[in-house]
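To start, the structure under review is shown below, and the notes come after it.
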Amino acid sequence: MDLKELENGIDQKTHWYYQSKKVPLFRYFEQVYNEQKTPITVIDFGSGSGFFAYEMLEAFPDKIKKVLLVDIGYSQAEMDVTKGEMVEKVHFIPTGIDNSIVVMMDVLEHIEDDYAILEDIKKRLGKNAHYFITVPAFMSLWSGHDIFLGHYRRYRLNMLEQLLGSQSCEIKGLYYIYGSIFPLVWLIRRLKGSKNNEVPESSDMQPVPAPVNAILKAFNSFEMNFRYLNKFAGVTAVSEGKIK
């Protein structure tokens, strides 16, 4: 997760983007749990603040066995204090974990060799491993925002499909989200023109007035009900499925 997006004073607990983005994650987690009826280990890879994992634990306390926050940015002191706890911070995924879901919320675009990192993750996981992945979509939306956040690329669905297929993953869902705001985002970034390759001083993610935030949250959360139908365009690309 992009920690730099929080530098503008974003409150993830209320901001429309984060609150609507967790909707498909929660629904896929519930689907996985209902299929196996066994508490699941949540592995939040590239977790940063761990926001999405903490939200999952708050929403599904009886359905989660353990939460692993995996991020090379954690200090030894941060990891030591959580060792053996329900939520544990680590640098790498421990090997052989069964009944898990790997959550990668806007992570792969930060990794130069996304194929290699998925191959490594697959080798570490045990039986019955699932995944939920989001990445920024469409290079036509590339801007200084991506450069500021340290992105290598933006994805189309066929790129995600090829990437996951290389690891023989079973793709259960492949779709775009934030399709309704795609035209506006595209227009704004095109109007910026040459500035798109300049590094801005901050992320595009900004706090918004409470009434606007409420409308955006409700509208985009409602749109998630039709996510599987959107194979055409969106600000974010999503895949969910099983790691074989």
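The values are calculated or read from the model by the stated rules, or taken from the named source; none is laboratory data. Nothing here was measured: the structure is a model prediction, and the numbers come from that model. Positions of Cβ are generated from backbone atoms using ideal geometry, with glycine treated the same way; all protein chains shown enter the neighbour counts.
Computed quantities for the displayed model
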read-out	value
Residues of the range 63-101 satisfying the condition of being in contact with a helix residue (DSSP H, G or I) (Cβ under 8 Å, 6 or more places away or on another chain), under 13 Å from D44 (Cβ atoms) and of a type in the set (K, R)	K89
Checklist (1) among the charged types (D, E, K, R); (2) touching a residue at least 60 places away in the same chain (Cβ under 8 Å); (3) touching a Gly at 6+ places or on another chain (Cβ under 7 Å) applied to K122, failing item	(3)
Some residue of the range 65-84 being out of contact with any strand residue (DSSP E or B) (no Cβ under 8 Å at 6 or more places or on another chain), among the polar types (S, T, N, Q), without any contact (Cβ under 8 Å) to a residue 40 or more places away in the chain and not in a loop (DSSP other than H, G, I, E, B)	yes
Residue that is surrounded by the most Cβ atoms within 10 Å (Cβ to Cβ) [pool: residues in the range 120-167 that are charged (D, E, K, R) and more than 18 Å from the chain's Cα centre (by Cα)]	R124
The range 24-53, subset surrounded by fewer than 18 Cβ atoms within 10 Å (Cβ to Cβ) and part of a helix (DSSP H, G or I), residue modelled with the lowest pLDDT	Q36
Flag if A129 is without any contact (Cβ under 8 Å) to a residue 24 or more places away in the chain and small (G, A, S)	no
Residues of the range 132-158 satisfying the condition of being outside any loop (DSSP other than H, G, I, E, B), free of Cβ contacts under 8 Å to residues at least 60 places away in the same chain and hydrophobic (A, V, I, L, M, F, W, C)	M139, I147
Residue check for V90: of a type in the set (A, V, I, L, M), surrounded by 13 or more Cβ atoms within 10 Å (Cβ to Cβ) and closer than 23 Å to R156 by Cα	no
Test result for A233, farther than 27 Å from I43 by Cα, among the small types (G, A, S), in contact with a strand residue (DSSP E or B) (Cβ under 9 Å, 6 or more places away or on another chain) and not in a strand (DSSP E or B)	yes
